[in-house]
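FYI, it's all coordinate maths here, none of it is from the lab. The shown structure was predicted, so the numbers you read here are calculated from the model rather than taken from an experiment. Every residue, glycine among them, receives a Cβ derived from its backbone with ideal geometry; neighbour counts consider all protein chains shown.
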Amino acid sequence: MKEIKKLEMWSISKIFGIFGFVLGLLSGLVAYFGAKYFDMSGMMPQGMMINAQVIFAAPILNAVVYFLFGIVFVLVYNFVAPRIGGFKVEFK
């Protein structure tokens, strides 16, 4: 078993950002088509209509938020891991 003592910020944050983009795209598509094909007009507050912009906005917003979360995760991990131990992984 090897222990990961330090993470590289850029590589981890890129992966988090990519995951955020994919999840944002999926959630944007679900929100768009859900609102389009099911009458949800009575469930939304006035002026809050879901349109095609959500397909573009959700992935970008999610990617940015997940990228920033990746930075915070790496900073916290690199601070805590040397003190209490890091992830233990086994390579084959």
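Assorted remarks:
- Karplus 3J(HN,Hα) series, Hz, for the stretch 26-32 with 6.51 cos²θ - 1.76 cosθ + 1.60 (x for Gly, Pro): 5, 5, x, 5, 5, 5, 5
- Taking 0.36 nm per residue of sequence separation and removing the Cα-Cα distance, the Leu68/Ile18 pair yields an extension gain of 16.8 nm.
- Take the Cβ atoms of Phe33 and Phe56, set R0 to 22 Å, and the FRET efficiency comes out at 0.90.
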